Amino acid sequence: MKKTFYITTPIYYPSANAHVGHSYTTVVCDTMARLKRMQGFDVMFLTGTDEHGQKIETSAKATGKTPKEYVDEIVAGFQRLWKRMDITYDRFIRTTDDYHIESVQKIFKTLYDKGEIYKSVYKGAYCKPCESFWTDSQLVDGKCPDCGRDVEQAEEEAYFFRLSSYGDRIMKLYEEHPEFLQPQARVNEMVNNFLKPGLEDLCVSRTSFTWGVPVDFDPGHVVYVWIDALSNYITALGYGNDRYNDFDKYWPADFHLMSKEIVRFHTIIWPSILMALELPLPKRVYSHGWLLFGGDKMSKSKGNVVDPYVLCDRYGVDAIRYFLLRDVPFGQDGNFTNEALIQRINSDLANDLGNLVSRTVAMVEKYFGGTLPTDRQPGDFDDDLIAQISGLYDRVNTLAEDLQFPTALTEIFRVIARTNKYIDETTPWVLAKDEANNARLATVMYNLLEAIRVLGVLLSPFLPETAPKIFAQIGAAEAVTTWESANTFGMLPQNVTVKKGDALFPRIDMEKELAELEALGAAKAAPKAEEKPVKAEVEGVASLIDIDDFAKVELRVAEIVACEPVPKADKLLKIQLDDGAGGRQVVSGIHTWYEPADLIGKKIILVANLKPAKLRGVESQGMLLAADAGDAVKVIFADLQIPAGSKVR
Ligand code: MSP
């Protein structure tokens, strides 16, 4: 029977406007899942969405939708994104799925029956946005330790989980299993910030909202966040439900992966719940850092284009995956800029990898018509190249096992550089001048093709779209592209036939591209008034479009909740909108005609799926519709009765 490997991402909150940072955890997990599948494991890769809570209930209400309608749309967006990014999850759990709800109810009841959950009254500091109660000792300067916002005093009847009785056992877990939580710095954080000061019992139900899992034996209470969200890792395998039946097969998880702000959930609360349920604990929890945008975790500032769809369309999915896996030091924060991304594409992917493949294939075509002759003549530099290639399999395996993907890629690209150097050392173009050198030339070409094959195999989990293209060009059949095949040099047939293909990663002109990105942002946010339709097929109307073209534009009613001039930009107003999906900001060039007071409280029509852009350094997430009225511009206001978020069609 195959060995199993169970890996999870956190389940995502349904928030609109996913940026490239959101995809980081998922891309890392996907790479590991692909690697393990190639290594012959029976993999379960789980991701999903965390859909309950007060915030969702409130946002849904504002849009006039039910919470379920509201989350359905956003969750579909996440699923589209994962498809676009070639994410090969095996299962997608939604905490609103019936089977999950059934399991959570059973878990809650089991814990209650065991005396692990009890009813009491909660009085304390509550952070509404984080849906968390905090003890006074946990507050930082009187504010929420997670988000830094103000907390309020709250009191309500609630169920509590006896977290306080698990401190010693969690401490022992860290001591006895140093591999449980990595990197080590996070262990110190958990011990010093939470375990040493002493754990408090955890509030696990609420009565002041309804969008959670109902406590079936006590109407009015709903289970939210902790027991609802964390249990997804076992309910998705069928724990407490009949929907799935692989709990015994996959649990305990081999890897829970997440970023640092939710480590406490996964390494204190989650193991305590599992201990209370007398279930085995996950084998490893790995916390990665944040992808920062100019020092910020969110994508608000610095004017980079961070929409994963735009990035994938412009550079290809593999380039984005490569940047995330190579440039973010694992476990630490990494910085995202469009410039750094383009730099990586040009230097590593286009120059080193792309050139190696295209030069080699072009030479085999030029010198041998595409098919290698079988006579061989070993020579200088061969042994070193072969030794470098042969050592790579073990090194990549070891590094990848610990999720050290940046180092694994650095190693692979070091050998790519070595292989490029082999071309310079052996000077095939000189050998080609004399037919007497044919056997030597064929050997050099074979060694290059073999090196590329091994490198392509080892790159497969990281560059899943590119690896098959490489194999097609160097004539590598499936049998010689398995993971273990990278451990043997000399698997390609001696008379292999190559086939030139398109450049794997066309080089990007940095200056031109950055200018285009800037223009793209600006153009999307503010279409120029002077732009005239190219062709008028109906008098007074621009060229005709299909209904499908129109359907691409997502128009929504939104309410202007705040508005202020953009400093040093006379014509621009910065407008905060309630768009029914958590709110957004747009910048609009209408200050000549409107003052903030004219706009606040009004409803407008928003182009909701416009790519974000920067106007005078201020992010604009969409645009509002306005009409040219002679020399003036008039905003199109919508009926105030229409709820924010309503679709316009
Ligand atoms: N719903 C909780 C998790 C519950 S798990 C039982 C949650 N959701 S989240 O949507 O806020 O985050 C999901 C994942 O995306 C987390 O690992 C989070 O840190 C990651 N990221 C979101 N923005 C990120 C960056 N800018 N950089 C790296 N990861 C980021 O937390």
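The values are calculated or read from the model by the stated rules, or taken from the named source; none is laboratory data. Worth saying up front: this structure is predicted, and the values here are computed from it rather than measured. Backbone-built Cβ (ideal geometry, glycine too); neighbour counts: all protein chains shown.
A few comments on the model shown:
- Flag if Arg169 is among the charged types (D, E, K, R), within 28 Å of Ile234 (Cβ to Cβ) and modelled with pLDDT of 95 or more: yes
- On inspection, Asp50 fails the criterion of being of a type in the set (D, E, K, R) and surrounded by fewer than 20 Cβ atoms within 10 Å (Cβ to Cβ).
- Subset of the range 9-41 [more than 15 Å from the ligand (Cβ to nearest atom) and either out of contact with any Phe, Trp or Tyr (no Cβ under 9 Å at 6 or more places or on another chain) or not in a helix (DSSP H, G or I) (or both)]: Gln39, Gly40, Phe41
- Helices (runs of 4 or more DSSP H) (entirely within the range 42-161) containing at least 1 residues that are closer than 29 Å to Asp248 by Cβ and in contact (Cβ under 8 Å) with a residue 24 or more places away in the chain: 67-84, 98-113
- Contact map, the range 372-385: first residue farther than 23 Å from Arg414 by Cα, second residue of a type in the set (Asp, Glu) and in a helix (DSSP H, G or I), Cβ cut-off under 8 Å, separation 6 or more or different chains; the map is empty.
- Residue count for the range 212-234, restricted to those that are assigned to a loop (DSSP other than H, G, I, E, B), at pLDDT 95 or above and within 16 Å of the ligand (Cβ to nearest atom): 2
- Residues that are aliphatic (A, V, I, L, M) and either closer than 24 Å to Asp246 by Cα or buried (at least 24 other Cβ atoms within 10 Å of the Cβ) (or both) within the range 5-26 comprise Ile7, Ile11, Val20, listed in sequence order.
- Check on Leu237, within 11 Å of the ligand (Cβ to nearest atom), farther than 26 Å from Gln54 by Cβ and either modelled with pLDDT of 95 or more or assigned to a loop (DSSP other than H, G, I, E, B) (or both): no
- All helices (runs of 4 or more DSSP H) inside the range 258-343 with 3 or more residues being surrounded by fewer than 20 Cβ atoms within 10 Å (Cβ to Cβ): 308-315
- Those residues of the range 80-89 which are surrounded by fewer than 17 Cβ atoms within 10 Å (Cβ to Cβ) and either of a type in the set (Val, Ile, Thr) or closer than 22 Å to Ile234 by Cα (or both), in sequence order: Thr88
- Residues (within 23 Å of Lys614 (Cβ to Cβ), aromatic (Phe, Trp, Tyr) and touching a residue at least 24 places away in the same chain (Cβ under 8 Å)) located in the range 314-343: Tyr315, Phe336
- Test: residue in the range 56-71 that is surrounded by fewer than 21 Cβ atoms within 10 Å (Cβ to Cβ) and within 16 Å of the ligand (Cβ to nearest atom): yes
- For the range 142-195, the tally of residues that are among the polar types (S, T, N, Q) and in contact with an Asp or Glu (Cβ under 6 Å, 6 or more places away or on another chain) stands at 1.
- Some residue of the range 347-364 being among the aliphatic types (A, V, I, L, M), modelled with pLDDT of 95 or more and within 16 Å of the ligand (Cβ to nearest atom): no
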